[in-house]
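Here is the structure we will look at.
The values are calculated or read from the model by the stated rules, or taken from the named source; none is laboratory data. Here the structure is a predicted model, which is why all the values come from computation and not from measurement. Cβ: placed from backbone, ideal geometry, glycine included. Neighbour counts: every protein chain shown.
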Amino acid sequence: MRNFPLLLTALVLLAVPARAQVVYVPEEIHYQAPQVPEFIEFAGQTYRFDRPDLYERMDRELINFTYSHTNSTLMLKRAERIFRQVVPILQKNGVPEDLKYLMAIESNLDPKSVSTAGAAGLWQFLKSTGRAYGLEVNDEVDERYNIAKSTEAACKYLKEAYAKYGDWMTVAASYNAGQGGISQRITNQRQKKAMDLFLPTETSRYMFRILTAKYFFEHPEDFGFHITDPYPYRAPRKIVEISAPIPNLTDFAAEHGTTYFFLKEANLWLRSDKLTNKNSKTYQIIIPRAE
């Protein structure tokens, strides 16, 4: 396939009408995924791929990341902004930084992400699970979209699961399959770690996708990606504590020198145009910078 770029150029030229202008044809086309590495370190454990099944499972995910161009590019662009906010919370809670890659698999690092099952936010909590781990979820407030609070909730889950399994990869698998499902399979198959279990395809792939995500974010050029313009993290101009109702968020935004659009973008957890706050709960609302 050494002449693949020339062949593609010829096909493009044949397909374009005589008077049309060809704007761009790449000189080089990246079409090969990186080789499966000898090993990857994840959350203090070394994972090797010296068995044929392990090699092939890892190879599949490397190929997937390489050719999922839109998602892979957007994740790389979002990484600085999201990780800057999340990693300090993981560190404060004693959760290994590598667990941040769960967000890449769960939501493509998109804080607005909603699954077909109704899971929402970076950590993709269902309503019931979010509430179980301390998040407020209703028509006006949905803290699954609050980056800081949802990360705190995720840390609660991850630490609870680690206390049960003592292995972070098994914790990650339980994040996908549920602790009940993983625990039952550990018992039935007489194993201790998820990597040694026969699991449903989705959960089996999940673990290798996390390993691939770490490799991908640390070495994007090996996958053919070269991002020079990541989306920057912009610190809030200020954070306002509110314990009273806010009848109109447009007026509230104007009072604090911003617009409804920017206020909502900075506080995705505000799901309505008002904050009734019948219980006089204290909320922290980000007032974004104007630029």
Exercise. Those residues that are more than 29 Å from THR212 (Cβ to Cβ) and of a type in the set (Asp, Glu), I need them from the range 103-143; list them, please.
Key: GLU136, ASP139, GLU140, ASP142, GLU143
Exercise. Find all pairs meeting these conditions: Cβ atoms under 7 angstrom apart; at least six residues apart or on different chains; first residue within the range 195-209 and in the same structural domain as GLN45 (by TED's automatic domain parsing) and at pLDDT 95 or above; second residue of a type in the set (Asp, Glu) and in a helix (DSSP H, G or I).
Key: ARG205/GLU61; PHE208/GLU61; ARG209/GLU61
Quiz item: When the residues of the range 235-255 are filtered to those that are within 13 Å of ILE286 (Cα to Cα) and in contact with a helix residue (DSSP H, G or I) (Cβ under 8 Å, 6 or more places away or on another chain), which remaining residue is surrounded by the fewest Cβ atoms within 10 Å (Cβ to Cβ)?
Solution: PRO236
Practice problem: State yes or no: is GLU80 outside the structural domain of LEU268 (by TED's automatic domain parsing) and surrounded by fewer than 16 Cβ atoms within 10 Å (Cβ to Cβ)? | Solution: yes
Quiz item: Which of the residues belonging to the range 120-154 are assigned to a loop (DSSP other than H, G, I, E, B) and either within 13 Å of the chain's Cα centre (by Cα) or not assigned by TED's automatic domain parsing to the domain that holds MET75 (or both)?
Solution: GLY121, LEU122, TRP123, GLN124
Quiz item: What is the number of the single condition among (1) free of Cβ contacts under 8 Å to residues at least 24 places away in the same chain; (2) surrounded by fewer than 19 Cβ atoms within 10 Å (Cβ to Cβ) that GLU140 does not meet?
Solution: (1)
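Just need a number here: residues in the range 195-232 that are among the hydroxyl-bearing types (Ser, Thr, Tyr), surrounded by 12 or more Cβ atoms within 10 Å (Cβ to Cβ) and under 29 Å from TRP168 (Cα atoms).
Total meeting the criteria: 5.
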Exercise. Check the range 257-267 and report whether any residue there is small (Gly, Ala, Ser) and touching a His at 6+ places or on another chain (Cβ under 9 Å).
Key: no
Quiz item: Out of (1) under 25 Å from VAL86 (Cα atoms); (2) part of a loop (DSSP other than H, G, I, E, B), what's the single condition that is false for LEU199?
Solution: (1)
Quiz item: When you look at GLY224, is it touching a His at 6+ places or on another chain (Cβ under 7 Å) and either within 19 Å of LEU158 (Cβ to Cβ) or not hydrophobic (A, V, I, L, M, F, W, C) (or both), yes or no?
Solution: yes
